[in-house]
Amino acid sequence: MIITKEKPLEEIYAMLEPHKKILIIGCDGCFQPPRGLKQANLTAKLIQIKRKLENKGFAAKTATVLRQCDDDITVSTLRPILDDEQFDAILSLACGVGVQTVAEIYDIPVYPAQNTLFMGSKIGDEFLEKCAACGDCLLGYTGGLCPIANCAKSLVNGPCGGPIDGKCEVGEYKNQCAWIEIYKRLNSRPGGLELFMKFRTPVDYRKRSNPRKSAEEVIEIE
């Protein structure tokens, strides 16, 4: 999932300052914490309260989209709303991908209500970064633990000389050294140390050079 964090309300207020009629759209997609119709309605109320206190006019309509990052779903969901009414701006509660998708479709200002942090998973009460989308997955050789995302230096051939008591020197020794954790995991499995000792070629940064594209591939099964 994509991990996001709400922008401060004051920043959202400032972005929307010139606009008087806004469409606020939630997203029911893969990002966490979720920001759907309930959160869109709450955001609309908070903005409305702010505008009333300042004696400024404001009108908003709310909706939610299954996945704002899918242009077909976004268009089919928002077309009835945007065909029926005119809006000065759109406030998107999606991740940065969803915001950009909406902005490419509609020729009106689209603003983000969230900051997009990383791709990760929920472990206990925390969201932890797990993948850097490097384009050359090493998980099959590293015990299912990504060295690109979990190592502060994104090393691919073992740890540097900085760890103390299994803790990474980056970040004041608060995080576990990714490569020590990889070693522990592989060492507990038959043949795991052979994978640990395997030399991995330097990262081919061409595979993660922005902006990346990938055409949809259709697989036929006879």
Requested in this report: Within the set of other residues whose C-beta is less than 11 Å from the C-beta of residue 136, count the net charge using Lys and Arg as +1 and Asp and Glu as -1.
Outcome: +3
Report summary line: With +1 at each Lys and Arg Cβ and -1 at each Asp and Glu Cβ, the charge dipole magnitude of the range 132-208 around its Cα centre, to the nearest 20 debye, comes out at 200
Query raised in the report: Highest mean first, what order results for 188-195, 72-79 on Cβ atoms within 10 Å?
Result: 72-79, 188-195
Query raised in the report: When a footprinting reagent is the concern and you count Cβ atoms within 10 Å, what order do 126, 6, 181 take, fewest first?
Result: 126, 6, 181
**Report entry** Electrostatic dipole magnitude of the range 2-117 [Cβ: Lys, Arg +1; Asp, Glu -1; Cα centre; debye, to 20]
**Finding:** 600
Query raised in the report: Rounded to the nearest 500, what is the chain's calculated 222 nm mean residue ellipticity when only DSSP H runs of at least 4 contribute -39500 (n - 2.57) each, over all residues?
Result: -9000 deg cm²/dmol
Report task. Put one equal scatterer on each alpha carbon of the range 2-117, apply the Debye formula with no solvent term, and list log10 I(q)/I(0) at q = 0.13 1/Å to two decimals. Result -> -0.43
Report task. Mind jotting down the distance between the C-alpha centroids of the range 149-186 and the range 32-93, whole Å? Result -> 43
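How large is the dipole of the chain about the Cα centre if only Lys and Arg carry +1 and Asp and Glu carry -1, each at its Cβ, rounded to the nearest 20 debye?
Using only the charged Cβ atoms, the result is roughly 680 debye.
Rule-based calculations on the coordinates, nothing more; no lab input. Fair warning: this is a prediction, and the values are worked out from it, not measured in the lab. Glycine also receives a Cβ, built like all others from the backbone with ideal geometry; neighbour counts cover every protein chain displayed.
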